[in-house]
Structure formats: C-alpha cells, structure tokens
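Asker: Let me begin by handing over the structure; questions about it come next.
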Amino acid sequence: MSAMRLLMSCLLVNTVMFTGADLAMAANSEEQIIVVTADKMLDVVKGTVINHPQITISRGRIIAVTQAGADIPAEAKKIDLPGMTLLPGLIDMHVHLTSDPRYGGYRGLEFTDNFWTVVGVANARKTLDAGFTTVRNVGSSHYDDVAIKQAIDERQIPGPRIIPATYAIGATGGHCDSTEFPPSVTVPSPGVANGPDEIRATVRKLRKYGAEVIKFCATGGVFSKTDSVSGQQYSLLEMKALVDESHMLGLKVAVHAHGASGIKDAIRAGADTIEHASLADDEAYTLAKQHGTWFSMDIYNDDYILAEGEKNGTFAESLEKERMIGLKQRQSFRNALKAGVKMVFGTDGGIYPHGDNAKQFKTMVDWGMTPMQAIQAATVNAAEALGRSADVGGIEVGRYADIVAVKGDPLTNVTLLQSIVFVMKNGDVVKQPS
Ligand code: ARG
C-alpha cells in the first residue's frame, strides 16, 4: 500500500473514531495522529538528507514521510522543530544497563543483589533521554534485563526497547565466569557451561526465561581477573553447538571476542556479531565478509577507563590489559572499515556512564567513518543485524515512530549527537526542547 493510501485509510478510521462523545477521549488517546516537521531529516536507509520533512504518525508507527506542505489532517497534533535535524531513534548493540562503572573492582560487593536492578531502572531512563530508543543488553544477572524490559513495555518506567541476553554464557574460569574470588567463596554463575551438551542446555534455559539474543565469551577480557585478554576460551566445536542451538531457536548470537583466534572461530561457527574485535587481523576481516558477520567495536570507552579507572577502583590488572588493547582496537576498527567489514554501533555502556553512549560517534569519525556511516551503524545497520529492519532503525512508513532530533546538522558536527534535544519512542514524546 502506498504511504498516501495508508494515510487516507488511517484518516478514515480516525474520522469515525473521533465523532460524538468519544471525541474528547480520542484526542488524548493512542489513536491521535501526530505530524512532526523540522528543517532536515537524515534518510539513513538511502544515506541522503531530506529538506523540510513532514512525518505522519499513527498508533506509534510512521504512516507517511513527505515534504512539508503536504496535507495535514485537521485533528492532528503538530510538532514543529525549526532548525533541527531529525534522525531515527538510535540503537546501541552493546550495553549493560545494570552496571555502573563507578563501582570498580570489589566495590560492587557492598550492595545487595537487587541494587543492580534499580541501577538499571535509572540507566534505562538516561539511555532513552540520550536518544537511544533501542538497546541490546548483552549480559546481566538475575534476569534483571528481562524485568526492566517488562516494566518498560508495561509503561511502569521510561526506557528504550530492550533486547535482553540475560546471562552471558562462558567457560569455567573465563571472562563470563566470576573469577575474582578464592575457591572457598562460591558465587553462582548460571551462564557457565562447558562442552556442547551443557552449552546447548544453557541456551535453552536462558531462552526459556526471556533471552532474545544469546551472548557468549569466546576469549578473555579486560575486566575479568586471571585470564589473558586475547586467549581463546571456547573451542570451535563448543561455539558451533552454541550458535546452532541459538539459531534453531530463532536467536541471534553476540560474541565477546578480543583475540584473533577466538574472533575467527566465532565467525566460522556462524555467530552474528563480534563484540570488541580488538585484535582482529586480515584473515578475520576476510572471514567476516564471507560470512556476513557484523563487527560491534566499543572504541570510545578506552578514554573513560584510562581517565577514571583508578579512581573507580578498577583492578590494576584490568587497567594493564586496557593499556595493551585500547589503541590496537582503534587501529583494527580503521582496518576493518577499510577492508569493508559490516559495522554496527556498540559501546559497552556501563563500562562508562550510561547516557554518554553518543560520545562514541566522534571516536568512530576520528578513526575513519564519515558521520553518515557512524549514524548508519547506530540505525539502519543495527536494525539489520538485529533482524528488525521492519521495525526500527529508519524513518520509514511502517516502522515504529522512534525519532530523535538535534539542533543543527550532525553531518557537519557529529558531536551534536551528544545533545539530543527531542526524543520520541513509539509515537510518545519522551523529551522535548526546553
Ligand atoms: N567488557 C570488555 C572487557 O572486559 C570491555 C573492554 C573495554 N575496552 C576496550 N578497549 N574496548 O573485555
């Protein structure tokens, strides 16, 4: 159906609904038509700029995208954003809403378990206010990402759309285990699984309790004690079992991988996104292109970790590892981009303060992307990698009305994305210019 016909049919429904006694109620209900106009709009799907856009919204979805001047239904609520550029609600493919970087090292042990769920509630709001209307939460405890998602969907609290992974899966003693305790202190790690059978069973269990994506650790990491950041932690056989099981259940797979061998085996196993990808080499880029694997490289947070880590109580061992990989990861980002690897925007929010997600746009531009490419990584590409192109990541007829605005032109100054002044999610205005 053409945009105009869709609009007309919606208007017809609207006219019927807005008659008689229902009028007053309908005017404030979800049925209301909203028309947003602004100076410019980024068409991230085509990679172009549209002047004087006019976007019509009904029931949380976009029903028409036209130029200003096209007919506006008489009963529509108008939102005009002069001097501003509209873009789709942003997507961060790698966050941990229930983490706060200020409690580094052992400091987190001062709090009760559910403290972190409450922290996640506050961070959900900060993330949405920053213009991120969709996030993938790739690792948390106690199924608290599922709880936060449910509370947001039930409109109990404000926050982005969440794709929860629940627990990250990993090997005993690996990055996704709790490696900071002596043997006498037993800390449950429900994501720990060894060997294909245990791994498959764990994927099934996490899906049962709400996982919509599976995250696993293929290599060591920065914030884990005792492991080497580059060392591989699952065999190819184990990774294959995990990916096959997840795909059979309709779940995509996100892989924590810094070291080259772990990255390459994860790609060979059929994983969907490689997180970090810090020490990727030429062979890894070739494999990623062959398999259509996305790289989700968190290249901003090095600045934060090195500036604030010591004050935050981060383990000296972790800071040492960060100094080893931070610059290398940025160089890999530039090389992967040159090689033509597909990229999405993932920041590891929670390693740095939530709400600062958009700081990474500048780092991506400093290391080789055009502003449009960086924005596409956080919109149209991310939506594709999620398998959600019909719903999010573009201002297009049929997709959710997830729309944000900045003052001025983000293509000439990408740091403007750090000051999003207008946020609409699902047709609801959650932040307005003051
Ligand atoms: N969660 C990751 C890890 O612990 C964070 C890595 C941050 N450093 C970086 N340069 N991206 O391994």
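The values are calculated or read from the model by the stated rules, or taken from the named source; none is laboratory data. Computed from a predicted model, the values in this text were never measured in an experiment. Quick reminder, even Gly has a Cβ in these numbers, built from the backbone with ideal geometry, and neighbours come from all protein chains shown. Accessible surface is based on the protein model in full, side chains and every heavy atom, while ligands, DNA and RNA are left aside. Shrake-Rupley method; radii C 1.70, N 1.55, O 1.52, S 1.80 Å.
Asker: May I ask for the net charge around Ala266, where only other residues with Cβ less than 11 Å from the Cβ of Ala266 are counted and Lys, Arg are +1 while Asp, Glu are -1? Can you show the working numbers first?
Answerer: Details: positive: Lys240, Lys264, Arg268; negative: Glu238, Asp265, Asp272, Glu275.
Charge balance near Ala266 sits at -1.
Asker: With a/c under 1.5 counting as rounded, go ahead and sort the stretch 164-280 into rounded, prolate or oblate using the C-alpha gyration tensor (a ≥ b ≥ c being the square roots of the eigenvalues; past the cut-off, prolate if a/b is larger than b/c, else oblate). Kindly include the intermediate steps, with their values, before the conclusion.
Answerer: Working: a/c = 1.77, a/b = 1.11, b/c = 1.59.
Note, shape of the stretch 164-280 comes out oblate.
Asker: In what sequence, highest mean first, do 225-231, 272-278, 332-338 appear when ranked by Cβ atoms within 10 angstrom? It would help to have the intermediate numbers written out before the result.
Answerer: Numbers: 225-231: 17.1, 272-278: 29.7, 332-338: 19.7.
Per-residue mean Cβ counts within 10 Å order the peptides as 272-278, 332-338, 225-231.
Asker: If the viscosity is 0.890 mPa s and the temperature 25 °C, what translational diffusion coefficient in µm²/s does Stokes-Einstein give for the stretch 309-434 when Rh comes from Kirkwood over Cα pairs?
Answerer: Rounded to a whole number, D works out at 149 µm²/s.
Asker: Please give the per residue accessible area of the stretch 29-116, computed with a probe of 1.4 Å over protein heavy atoms only, in Å². Please list the in-between numbers first.
Answerer: Values: 3860 Å² over 88 residues.
Result: 44 Å² of accessible area for each residue.
Asker: I would also like to ask the following. Taking the Cα centre of the stretch 314-434 as the origin, how large is its charge dipole in debye, to the nearest 20, when only Lys and Arg (+1) and Asp and Glu (-1) carry charge on their Cβ atoms? The partial results should precede the final answer.
Answerer: Details: 14 positive and 12 negative charges, 62 e Å.
Roughly 300 debye, rounded to the nearest 20.
Asker: Helix-only mean residue ellipticity at 222 nm, the chain, DSSP H runs n ≥ 4 weighted -39,500 (n - 2.57), per residue, nearest 500. What is it?
Answerer: On the way: 13 runs with 150 residues, N = 434.
It comes out at -10500 deg cm²/dmol, rounded to the nearest 500.
Asker: I've got another one for you. Which order, highest average first, do 385-392, 153-160 follow once you tally other Cβ atoms within 10 Å for each residue and take the mean per peptide?
Answerer: Numbers: 385-392: 18.6, 153-160: 16.2.
Descending packing order for the listed peptides: 385-392, 153-160.
Asker: Another one. Quick one: net charge around Gly83, please, counting Lys, Arg +1 and Asp, Glu -1 for every other residue with C-beta under 9 Å from its C-beta.
Answerer: Numbers: positive: Lys407; negative: Asp39.
Net of charged neighbours comes to 0.
Asker: Suppose every K and R has +1 on its Cβ and every D and E has -1 on its Cβ; what is the size of the dipole of the chain about the Cα centre, in Debye to the nearest 20?
Answerer: Details: 42 positive and 49 negative charges, 126 e Å.
About 600 debye.
Asker: For the pair Arg107/Thr186, report the inter-label distance in nm, with labels modelled 7 Å from Cα in the Cβ direction.
Answerer: Using points 7 Å along Cα→Cβ, the separation is 3.1 nm.
Asker: Given the pairs Lys252/Lys321; Lys46/Lys359; Lys78/Lys431, which span a C-alpha to C-alpha distance of over 18 angstrom in this model?
Answerer: Details: Lys252/Lys321 29 Å; Lys46/Lys359 24 Å; Lys78/Lys431 15 Å.
Lys252/Lys321; Lys46/Lys359, as the Cα separations exceed 18 Å there.
Asker: Given Cα pairs under 8 Å that are at least 6 residues apart, what percent is the relative contact order of the chain?
Answerer: Values: 989 pairs, mean separation 79.8, N = 434.
It rounds to 18 percent for the chain.
Asker: Next question, about the same structure. What's the local net charge at Leu416, with K and R +1, D and E -1, over the other residues with C-beta under 14 Å away?
Answerer: Values: positive: Lys40, Lys359, Lys362, Lys407; negative: Asp39, Asp409.
So the surrounding residues net to +2.
Asker: Sticking with this structure for a sec: Please list 262-269, 282-289, 86-93, 33-40 highest first by mean number of surrounding beta-carbon atoms within 10 Å per residue. Please report the intermediate quantities before stating the final value.
Answerer: Details: 262-269: 26.4, 282-289: 18.8, 86-93: 28.0, 33-40: 21.9.
Going from most to least packed, we get 86-93, 262-269, 33-40, 282-289.
Asker: Take the solvent-accessible surface of the protein heavy atoms, probe 1.4 Å, and return the percent of it on the stretch 28-69 that carbon and sulfur atoms account for.
Answerer: On the stretch 28-69, the fraction of accessible area on carbon and sulfur atoms equals 43 percent.
Asker: Can you grab the distance from the C-alpha centre of the stretch 135-174 to the C-alpha centre of the stretch 377-434, Å, no decimals?
Answerer: Computed from Cα coordinates, the inter-centre distance equals 21 Å.
Asker: Quick check on the chain: what are the equivalent-ellipsoid semi-axes from the Cα gyration tensor, as sqrt(5λ), descending, whole Å? Show your work: numbers first, answer last.
Answerer: Working: eigenvalues 301, 104, 85 Å².
Over the Cα atoms of the chain, the ellipsoid semi-axes are 39, 23, 21 Å.
Asker: Can you divide the C-alpha Rg of the stretch 246-328 by 2.2 N^0.38 Å and report the result to two decimal places? Each step should come with its number before you reach the end.
Answerer: Details: Rg = 14.7 Å, N = 83, 2.2 N^0.38 = 11.8 Å.
Dividing the Cα Rg of the stretch 246-328 by 2.2 N^0.38 Å gives 1.25.
Asker: Right, another one. At 1.4 Å probe radius, can you tell me the per residue accessible area of the stretch 342-434 in Å²? Kindly include the intermediate steps, with their values, before the conclusion.
Answerer: On the way: 3050 Å² over 93 residues.
Using a 1.4 Å probe on heavy atoms only, each residue of the stretch 342-434 averages 33 Å².
Asker: Keeping the other protein chains in place, figure out the carbon and sulfur percent of the accessible area of the stretch 120-260, with a 1.4 Å probe.
Answerer: On the way: 2830 of 5380 Å².
Answer for the stretch 120-260 is 53 percent, counting heavy atoms of protein chains only.
Asker: May I ask you to derive the FRET efficiency for Asn413 and Arg334 from their Cβ-Cβ distance with R0 = 22 Å, giving the value to the nearest 0.05?
Answerer: Values: r = 21 Å, r/R0 = 0.96.
Rounded to the nearest 0.05, the efficiency is 0.55.
Asker: With unit charges on the beta carbon (Lys/Arg positive, Asp/Glu negative), name the residue among Ser389, Asn114, Val255 whose Cα is farthest towards the positive pole of the charge dipole of the chain.
Answerer: About the Cα centre, the residue reaching furthest to the positive side is Ser389.
Asker: I'd like to know which of Ser228, Gly191, Ala218 lies farthest towards the positive end of the charge dipole of the stretch 183-229, counting +1 on Cβ of Lys and Arg and -1 on Cβ of Asp and Glu.
Answerer: Gly191
Asker: Please report the carbon-and-sulfur percent of the accessible area for the stretch 313-434; probe 1.4 Å, protein heavy atoms only, DNA, RNA and ligands left out.
Answerer: Details: 2150 of 4440 Å².
Carbon and sulfur: 48 percent of the exposed surface of the stretch 313-434.
Asker: Could you rank Lys252, Lys215, Lys328 by how accessible they are, 1.4 Å probe, largest area first?
Answerer: Lys328, Lys252, Lys215
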